[in-house]
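Asks: There's a structure below that I have some questions on.
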Amino acid sequence: MAQPQNYANHSRRPPLLFLAGCYLSTAATAGVGYLLVVDFSAGTLALFVVAACTAIGLLYARRFSTGVQDRVIRLEERLRLERILPDELKGEIGQLTTDQLIGLRFASDAELGGLVRRVLAGELTDRKSIKQAVEDWRADHERV
């Protein structure tokens, strides 16, 4: 069983992505050095361009996957809020930003209403402050 999740340990950084980023950054840096100092040729320039484009593609791939994940979280949380919130708060769901919904996803059903009230009152504004306010953490071990 996975370790209980909380604000301190919920963040996830894929190690393969980190290693690939390090490799591609090193390759691009070495390519620039080689181009400028040793051998400025079309083949060396082509290898550098491939390494740089692959690094940029890797960054975009990560950005796109987290963007899709954010959209799914927004949908899931709006459906959850429709189901759980009292009637007087249901009309306010549309005021919550995607960032706020992402922060609220970790709140248990019991404390969700109180946190939504605090967000709508402007007391909690960003994802980090909302996550830090969660007392009964609802783990999410299926994130990308």
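The values are calculated or read from the model by the stated rules, or taken from the named source; none is laboratory data. Remember, predicted model here, so these are calculated numbers, not experimental data. Cβ sites come from the backbone with ideal geometry, for glycine too, and all protein chains shown count toward neighbours. For the accessible areas, the whole protein counts, side chains as well, though only heavy atoms, and no ligand, DNA or RNA atoms are used. Shrake-Rupley method; radii C 1.70, N 1.55, O 1.52, S 1.80 Å.
Asks: Condition first: under 21 Å from the mean Cα position of the chain (by Cα) and acidic (Asp, Glu). Can you find one or more residues in the range 120-131 that meet it?
Replies: The answer is yes; a qualifying residue exists.
Asks: Right, another one. Go through Arg127, Arg74 for me and flag whichever is touching a Gly at 6+ places or on another chain (Cβ under 9 Å) and either open to solvent by 20 Å² or more (accessible area, probe 1.4 Å) or at pLDDT 90 or above (or both).
Replies: Arg127
Asks: Within the range 35-55, can you find the residues that are closer than 18 Å to Leu24 by Cα and aromatic (Phe, Trp, Tyr)?
Replies: Of everything in the range 35-55, just one residue is closer than 18 Å to Leu24 by Cα and aromatic (Phe, Trp, Tyr), namely Phe48.
Asks: How many residues, within the range 91-141, are in contact with a strand residue (DSSP E or B) (Cβ under 8 Å, 6 or more places away or on another chain) and of a type in the set (Lys, Arg)?
Replies: Result for the range 91-141: 1.
Asks: Do we find a residue being of a type in the set (A, V, I, L, M, F, W, C), farther than 30 Å from Ser25 by Cβ and in contact with a helix residue (DSSP H, G or I) (Cβ under 7 Å, 6 or more places away or on another chain) anywhere in the range 92-99?
Replies: Within the range 92-99 (the criterion being of a type in the set (A, V, I, L, M, F, W, C), farther than 30 Å from Ser25 by Cβ and in contact with a helix residue (DSSP H, G or I) (Cβ under 7 Å, 6 or more places away or on another chain)), the answer is yes, since at least one residue qualifies.
Asks: Leu81: within 25 Å of the chain's Cα centre (by Cα), modelled with pLDDT under 95 and surrounded by 17 or more Cβ atoms within 10 Å (Cβ to Cβ), yes or no?
Replies: no
Asks: Conditions: (1) open to solvent by less than 90 Å² (accessible area, probe 1.4 Å); (2) within 30 Å of Val32 (Cα to Cα); (3) aliphatic (A, V, I, L, M). Leu59 meets all but one. Number of the miss?
Replies: (1)
Asks: Output the residues belonging to the range 113-123 that are among the hydrophobic types (A, V, I, L, M, F, W, C) and either surrounded by fewer than 16 Cβ atoms within 10 Å (Cβ to Cβ) or at pLDDT below 95 (or both). Even if it seems obvious, please write down each step before you answer.
Replies: Of all residues in the range 113-123, those among the hydrophobic types (A, V, I, L, M, F, W, C) come to 115-116, 119-121.
Scanning the range 113-123 gives Leu120, Ala121.
Asks: Oh, and also: Note down all Cβ pairs under 7 Å where the first residue falls in the range 50-72 and is farther than 15 Å from Phe18 by Cβ, the second is among the polar types (S, T, N, Q), and they're at least six residues apart or on different chains.
Replies: Hits for this filter: Asp70/Thr98.
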